Amino acid sequence: IVMVPLAVLGALATAGLAPADLSVLEDPNPSFEELMGAILPLYGAIGSGLLVQLLGQILVQAATTRVYSETYQGVALGVGDGMRSGLRRLPAMIALTIIQTVATFIGFVFCVAPGVWLYTIWTVSPAALMAEDRGPFGALRRSAELVKGYFWRTLGLIVVANLLVGVISSVITLPIQLAGTVGSLGNPEAILSGGYLAIQTLVSGLV
């Protein structure tokens, strides 16, 4: 209900913002202005599609977390109730995502182990934020409390879940990527065209 329209919207945004002329990439000595004129719209096109999908994923996660947490307590919520709860808490979910992502990234940059540790102990923070109506920092603290004593089990579940998602995604997206690569032989800018990027955005959003 949510992700399919957002995947289509992300694909349209990607196609609309992608540069129409990428011939500068075939120039062995392009000027800096020419190169930026092609690359910046290209990254803008890819980024806009990813941003639309990311917002959709955060909203869906917030809504479904509210639904299953209430169901666990014996309260039946419909899709509309879940979406309204998700929209109401969307700013807090976005703030939580930013804080979690930045801190984990810093942990990975300085040493891999702190990044893995933070990612694991904070993995249920969205559930704490939605199910217990906590703020972003309170949700992070609550997640660390919940994971305490279950670190290795939680890390194992994260690894298995990501492997499953990665395999499924690869099975679906790899043929499209191979087709794009083969189709771009002799025409390198074809793989960076608006149409191809739109298809990639749409497929990744649906997956």
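Observations
- Complete set of residues in region 7-27 that are part of a loop (DSSP other than H, G, I, E, B) and either modelled with pLDDT of 70 or more or open to solvent by less than 70 Å² (accessible area, probe 1.4 Å) (or both): Ala18, Pro19, Leu22, Asp27
- Hits in region 109-120 (condition: surrounded by 15 or more Cβ atoms within 10 Å (Cβ to Cβ) and more than 15 Å from Pro136 (Cβ to Cβ)): Pro114, Gly115, Val116, Trp117, Tyr119, Thr120
- Condition met for Ser48 (polar (S, T, N, Q), more than 15 Å from the chain's Cα centre (by Cα) and outside any loop (DSSP other than H, G, I, E, B)): no
- Residue match in region 52-68 (condition: modelled with pLDDT under 80 and either open to solvent by less than 30 Å² (accessible area, probe 1.4 Å) or not hydrophobic (A, V, I, L, M, F, W, C) (or both)): no
- Region 73-92, residues that are assigned to a helix (DSSP H, G or I) and either modelled with pLDDT under 85 or open to solvent by less than 50 Å² (accessible area, probe 1.4 Å) (or both): Val79, Gly80, Gly82, Met83, Ser85, Gly86, Leu90, Ala92
- Filter result for Val4 (surrounded by fewer than 15 Cβ atoms within 10 Å (Cβ to Cβ) and without any contact (Cβ under 8 Å) to a residue 60 or more places away in the chain): no
- Candidates Ala95, Ala103, Ala144, Ala131: the one that is at pLDDT below 90 and either over 20 Å from the mean Cα position of the chain (by Cα) or surrounded by fewer than 17 Cβ atoms within 10 Å (Cβ to Cβ) (or both) is Ala131.
The values are calculated or read from the model by the stated rules, or taken from the named source; none is laboratory data. Since the structure is predicted, the reported quantities are computational estimates derived from the model, not experimental observations. Every residue, glycine among them, receives a Cβ derived from its backbone with ideal geometry; neighbour counts consider all protein chains shown. Heavy atoms of the whole protein, side chains included, go into the accessibility calculation; ligands, DNA and RNA do not. Shrake-Rupley method; radii C 1.70, N 1.55, O 1.52, S 1.80 Å.
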